[in-house]
Amino acid sequence: MNAKKFEVAACPEMWEGLDMDVARFDKARLMLGETYEKLFLSQTRRPEKMAYFDDMISGIFGGRIKEILTVKKSGKPVVGTFCVYIPEEIVVAAGGVCIGLCGGSPGSIPDAEKILPRNICPMVKSAYGFKAGRICPYFQVVDFVYGETTCDAKKKTWEILDRLVPTHVMEIPQMKRARDRALWLEEVKDFKTKVEEISGSAVSKDNLAGAVRLINNKRRALQRLTKLRANNPAPISGRDALLIEQIAFYDEPERFAVKVNELCDELEDRVKEGRGAVGAECPRVMVSGTPMALPNWKIHNLLESAGAVVVNEESCIGTRYFKDLIAEDGGSMDEQLANLTDRYMRIDCSCFTPNDERVDQVLKEYRQSKAQGILHYSLQFCHTYNIEEIKIREACEGEGIPYLAIETDYSAEDAGQLQTRIEAFLEQIGD
Ligand code: SF4
Ligand code: SF4
């Protein structure tokens, strides 16, 4: 237990300089600190190496923004993205910073609903609202954002967001045929050109090879963490693991990989000694579905407060982000971009059709994580995940896997009803 009062650090002068609504943002900062203390620091049997990630949250609106500003002042690009299909390796190869801007907070949704329709995905509304309300320093610091055509809500929001911040769009095909790959490769090349325009210098093949190794290492560290969670008792809570997966989209990649590996060293010791973050009798649940952007901890909190432990996230803030690596054999720029495109094409988002590889992946991760049940999580109005849920459910029924599907948003209104359904699901696992 951390006896010291936890606080997310304030940097009002820097926020003023970023043209933020400082008074309003400061209230959000205080609330984030309180929530974090309640959900994370109250856990007993936490690994000591979580201290780094606590510090990251403490400095998330201060120290980390200062680091990014330093990169920006040196003329390097700072790019905001909303999807794991945007290749961060190219931004890193240009010496820049790539930041995941997806929104996971209900606090910014009213800002979005002043202009966007209410009945679209809360993640899109939350992200847009952060920019519209000027209440996210990451949104304020980026040179431009790069959206994509994965889902209709995002695709059309980029046109509106472009009025507030330069917004470019990568066309992501919805099928994976040879002609789709050809288009995709062209889109990746366009992205590289845009990044080069901003940085004012060309990305060399050696720099790209270095960036591929760097981001692969980050992904490898997250893979290692995932494998350790398969042990019983689980050496780390699902809440802490999700937090690390969220921080992966903000932190400096080299340092992040070092810190995740240090944590994994500690977790390996715990596994050898049979020490867990929870008892071995805890029901083990895998969560599958839509991403959970920071600070969306709703489902993990409900599950773990009900006595379960989450052992895997089949999600873009989870394994979909790091399960695949890019071939490191270098070669010409064209060869590297082709390797990169092939890796990104393996991501199995529900916006593709057909997408049966995701069903297989869910079952594979279920077995690997030694989970005892699957909770499918869809954000409200996310049609592709909500409809693909049918196939996931059928596959789970076919395999006799305890299963629960939840569709929800960021509000706390349905917390009581969800709690009742989760408790019944955990009883089913226990039978
Ligand atoms: S769920 Fe699909 S659209 Fe959303 S971040 Fe993941 S890959 Fe991108
Ligand atoms: S969760 Fe679904 S609706 Fe929301 S942004 Fe992602 S793909 Fe689009």
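Some notes on this structure:
- Here 77, 122 are screened, and the one residue that is within 13 Å of ligand 1 (Cβ to nearest atom), surrounded by 23 or more Cβ atoms within 10 Å (Cβ to Cβ), in contact (Cβ under 8 Å) with a residue 12 or more places away in the chain and not basic (Lys, Arg) is 122.
- Neighbours by Cβ (under 6 Å, 6+ apart or cross-chain): first from segment 379-401, free of Cβ contacts under 8 Å to residues at least 60 places away in the same chain; second assigned to a loop (DSSP other than H, G, I, E, B) and within 16 Å of ligand 2 (Cβ to nearest atom): 388/350
- In segment 385-393 there is no residue that is in a strand (DSSP E or B) and within 13 Å of ligand 1 (Cβ to nearest atom).
- Of all residues in segment 331-379, those that are assigned to a loop (DSSP other than H, G, I, E, B) and surrounded by 17 or more Cβ atoms within 10 Å (Cβ to Cβ) total 9.
- Condition check for residue 426: in contact with a Pro (Cβ under 6 Å, 6 or more places away or on another chain), outside any loop (DSSP other than H, G, I, E, B) and within 17 Å of residue 285 (Cα to Cα): yes
- Among the candidates 277, 211, the residue that is away from ligand 1 (no atom under 16 Å from the Cβ), touching a strand residue (DSSP E or B) at 6+ places or on another chain (Cβ under 8 Å) and farther than 20 Å from residue 376 by Cβ is uniquely 277.
- Restricting segment 330-384 to residues that are within 13 Å of ligand 2 (Cβ to nearest atom) and polar (S, T, N, Q), the residue that is nearest to residue 423 (Cα to Cα): 378
- Pairs, first within 20 Å of residue 250 (Cα to Cα) in segment 203-227, second aromatic (Phe, Trp, Tyr) and assigned to a helix (DSSP H, G or I), C-beta under 7 Å, six or more apart: 218/256; 219/322; 222/322; 223/322
- Boolean, residue 131 is over 30 Å from residue 113 (Cα atoms) and buried (at least 16 other Cβ atoms within 10 Å of the Cβ): no
- Checked against the criterion of being among the aromatic types (Phe, Trp, Tyr), in a helix (DSSP H, G or I) and more than 16 Å from ligand 2 (Cβ to nearest atom), segment 294-308 has no qualifying residue.
- When residues of segment 136-184 are limited to those that are within 15 Å of ligand 1 (Cβ to nearest atom) and either at pLDDT below 95 or among the β-branched types (Val, Ile, Thr) (or both), the one surrounded by the fewest Cβ atoms within 10 Å (Cβ to Cβ): 169
- Residue that is nearest to ligand 2 (Cβ to nearest atom), among those in segment 41-84 that are within 25 Å of residue 237 (Cα to Cα) and among the acidic types (Asp, Glu): 54
- In segment 95-116, the residues that are out of contact with any Lys or Arg (no Cβ under 7 Å at 6 or more places or on another chain) and within 29 Å of residue 187 (Cα to Cα): 97, 98, 99, 100, 101, 102, 103, 104
The values are calculated or read from the model by the stated rules, or taken from the named source; none is laboratory data. Keep in mind that this is a model prediction, so the values were computed, not measured. So basically every Cβ, Gly included, is an ideal-geometry build from the backbone, and we count neighbours across all protein chains shown.
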